[in-house]
Amino acid sequence: MAERSFAEEVKKLRLGEGEVFRGEGILAVTKALLESGVAYVCGYQGAPISHLMDVLADEQDILAEHGIRFENSASEATAAATLAASVNYPLRGAATFKSTVGTNVASDALANLASGGVTGGALIIVGEDYGEGSSIMQERGHAFAMKSQIWLLDPRPNLPSIVAAVKTGFELSEASHTPVMLQLRIRACHVHGQFIASNNRRSPYTLREAMQHPRRDTSRIVLPPASFAHEKEKVQQRWPAAVKFIQERALNEFFADAADDIGIIVQGGNYNTLLRVLERHEVADVFGHSRLPLYVMNVAYPVIDAEVLRFCAGKRAVLMVEEGQPNFIEQNIASILRQGNVQTALHGKDMLPMAGEYTAAELHQGVGEFLRRYGRLGPSAPAVAPGPNAPAAAPGPAAAGGLKPLADIVHPRPPGFCTGCPERPIFTAMKLLEREIGEHHVSADIGCHLFSILPPFNLGNTTMGYGLGTAGASAMNAPGGPRAANEPLGKRVISVMGDGGFWHNGLTSGIAHAVFNRSDNLTVIVDNSYTSATGGQDILSSAAPNPTRSTGHRIEQAVRGVGVEWVRTIEHTYDLAAMKAALKDALTTTERGPKVVLARSECMLNKQRREKPVLRAAVASGKRMVRERFGIDADTCTGDHSCIRLSGCPSLSIKSNPDPLRTDPVATVLDSCVGCGLCGEVAHAAVLCPSFYKAQIVSNPNPWDRLRERLRRSVIGWLQARSAARRARFAF
């Protein structure tokens, strides 16, 4: 089950001509696909476009009504390869995935697609995961678009512009026979707004027609000599066709073009932030009307020479607002101005940060410097203007040098496992095992389990990509033949991989690779039944039945199928003793060859999403329901806090010691506890103090429950009174 259901929002996708659509950016993209007459859609989930896949999964009925094929792709490469249906047939298709990591995975298919070109419109919707909200390495998809000459759309972050970009993206692709990449930044995906809807359309040419009447054109296949002609075709035919379409359809926008002799060129995705900054500098109003000329590049690639020269003509200077590094657009515009003999001064990275997200604070400072240099701001204007309700700065060093950066004030909060996460005991077992057999090199992987590299576990030496945990340890195999009988075993390397990464890439590039190369290392596969890190979508090994997908396929069978003989499955990861024993066995056995420990327990977030509504409904109907949670006896707790250091559960915290003679704070369990039992297991396995207890919370108790409670209270009350009386005697 995905982390969010769009069942209610999906109803908006049936809106027709002239009706007002209100909602989120991702949902608007889905509506635009329906209005564009798309024949098939595919993709792989990942922030910030996970919700697009979730929406498509929730709208199966609407897709079926319009003859649209939807595929949950095994990987981004699978999604990109699916666009092959648009090569020979007038079929509009869309693929979606996270960039840049997803674009990297899809690069082989995308390069071949761009080389041969397309007949039907092929749209690649990438979630540009760049900036302060990102979860990946800081790169952009722009470089790939330039490398393969795929046209790149970067629309203004509002619903009408995003919807228009989807529709014109298909048209641009068909006009130039080139795939088009639509870049949606984090904030664009989640922006809310409205637009006037149109009727949904069926594809005029169907998938069934394509299957019944196959077409073949060897000039579209990347094979010599056709492959040599493709590059010339891109430059001599497709590029001019794209430039003509972009100019005729005015995809890029000019605002207040002749209002001043300086101006700003901005990528469409940065438009909202720039307008807010200009309003703060009092050169635009709150409605977005700028008094400074703006050239908004809703098409980031290709750069249209004629439009750049038109905008810069007669201007003393322009500022290029291009997020990220390298500054591809700035370099391109500098070349255009030089070749056009235009003397307009070009600014960009000399006034704005070389790298990093262009937040409002960063843009405010850079744009302010540009405006001051050309006389549009007074010399005494502040570099960063405080808000209208900001309090006066207190005297002292901070006031003298300006406000402190937020990072200097707010303590960093590293990400960690959720409360009750079934992956936490796996790494707790590893830490406990370290005490016995020492540290091991750990090759980590992308997913929730990557949080193990942070405190309190501090495990993980490298991570190379999604599903590449085992591949990342490939070199860590000592060379040589079979070990002699008296030769010491030595240490093995531990690799970690999630079930999502396993099906995405890890089965072949990791496990099968280890079998083929006779690796003697250990791979721990974390099977929590979902691709949890991307929002909890179903995969092949998901336990829950899926009405439109095939689930329930065991990872253990797949692992054995490619040749792994040493496999251990732990069905309940919270069994810390069993988890630790399996790991120790894998790391100390004399048996050679790759080893796999499969750790299976359902993702706690998805489990709670499923069980909490059922529990609430049952309690509301008057049924007796029992749930467990744990607690800590403050009188017994020593304040050692090893339970926290070996768990890190968010529900474990500290509080003041109730004993006035003891100053150390004691551990406590917060109300967020879900009763997984790991903290008690840790206390037992680590031979810690016996301060943990398990309690049962009974909703709608029956008469027997009430009788037992009264008896307990009576006995406890009698014991407490007796203890108090004895203390009173000794006091005198």
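The values are calculated or read from the model by the stated rules, or taken from the named source; none is laboratory data. Treat the numbers as computed from the prediction; the structure is a model and nothing was measured. Please note: Cβ atoms are built from the backbone with ideal geometry, for glycine as well, and neighbour counts cover all protein chains shown. Ligands, DNA and RNA are excluded from the accessible area calculation, which covers all protein heavy atoms including side chains. Shrake-Rupley method; radii C 1.70, N 1.55, O 1.52, S 1.80 Å.
Among the residues of region 451-474, the one identified as within 23 Å of Arg645 (Cβ to Cβ), in contact with a strand residue (DSSP E or B) (Cβ under 7 Å, 6 or more places away or on another chain), among the hydrophobic types (A, V, I, L, M, F, W, C) and touching a residue at least 12 places away in the same chain (Cβ under 8 Å) is Leu459. Scanning region 552-588 for residues that are of a type in the set (S, T, N, Q) and within 21 Å of Ala512 (Cα to Cα) yields Gln557, Thr569. Taking the criterion of being among the hydrophobic types (A, V, I, L, M, F, W, C) and open to solvent by 40 Å² or more (accessible area, probe 1.4 Å), the residues of region 451-464 that qualify are Phe451, Ile453, Leu454, Met464. Only a single item in (1) open to solvent by less than 20 Å² (accessible area, probe 1.4 Å); (2) without any contact (Cβ under 8 Å) to a residue 40 or more places away in the chain is not met by Arg372, and it is number (1). Taking the numbered list (1) in contact with a His (Cβ under 8 Å, 6 or more places away or on another chain); (2) modelled with pLDDT of 95 or more in turn, Arg310 passes all entries but (1). It is to be established whether one or more residues within region 43-53 are among the hydroxyl-bearing types (Ser, Thr, Tyr), within 20 Å of Ser550 (Cα to Cα) and surrounded by fewer than 24 Cβ atoms within 10 Å (Cβ to Cβ). No, that holds for no residue. Any idea which residue in region 139-157 is nearest to Val20 (Cα to Cα), counting only those that are open to solvent by less than 30 Å² (accessible area, probe 1.4 Å) and outside any helix (DSSP H, G or I)? Restricting to residues being open to solvent by less than 30 Å² (accessible area, probe 1.4 Å) and outside any helix (DSSP H, G or I), the top hit is Pro157.
Scan Gly288, Gly263, Gly193 and give me the residue that is in contact with a Lys or Arg (Cβ under 7 Å, 6 or more places away or on another chain) and of a type outside the set (A, V, I, L, M, F, W, C). Write out each step before concluding.
On the way: Gly288 fails: in contact with a Lys or Arg (Cβ under 7 Å, 6 or more places away or on another chain); Gly193 fails: in contact with a Lys or Arg (Cβ under 7 Å, 6 or more places away or on another chain).
Every option except Gly263 fails the conditions.
Within region 574-596, track down each residue that is outside any helix (DSSP H, G or I), more than 17 Å from Ser495 (Cβ to Cβ) and either open to solvent by less than 10 Å² (accessible area, probe 1.4 Å) or of a type outside the set (Val, Ile, Thr) (or both).
We begin by selecting, within region 574-596, every residue outside any helix (DSSP H, G or I); these are 574-575, 589-596.
Next cut, more than 17 Å from Ser495 (Cβ to Cβ) only: 574-575, 590-591.
Residues satisfying the conditions are Tyr574, Asp575, Glu591.
Looking across region 187-208 at every residue that is among the small types (Gly, Ala, Ser) and more than 15 Å from Gly37 (Cβ to Cβ), the one that is most open to solvent (accessible area, probe 1.4 Å) is identified as Gly193. As a summary of the residue check, Gln247 satisfies the conditions (1) more than 22 Å from Glu322 (Cα to Cα); (2) among the polar types (S, T, N, Q); (3) surrounded by fewer than 16 Cβ atoms within 10 Å (Cβ to Cβ) except for the one numbered (1).
With a requirement of 3 or more residues that are more than 28 Å from the chain's Cα centre (by Cα), the helices (runs of 4 or more DSSP H) lying completely within region 158-258 that satisfy it span 159-176, 207-212, 226-233, 239-248. Please tell me if Ser86 is among the hydroxyl-bearing types (Ser, Thr, Tyr) and touching a Leu at 6+ places or on another chain (Cβ under 9 Å). Here the answer is yes, as Ser86 does meet what is asked. Entry remark, region 234-287: residues being closer than 24 Å to Arg187 by Cβ and of a type in the set (Phe, Trp, Tyr) number 4 in total. The set of residues in region 407-440 that are over 21 Å from Asp575 (Cα atoms) and either open to solvent by 90 Å² or more (accessible area, probe 1.4 Å) or among the basic types (Lys, Arg) (or both) comprises Asp408, Ile409, His411, Pro412, Arg413, Glu439.
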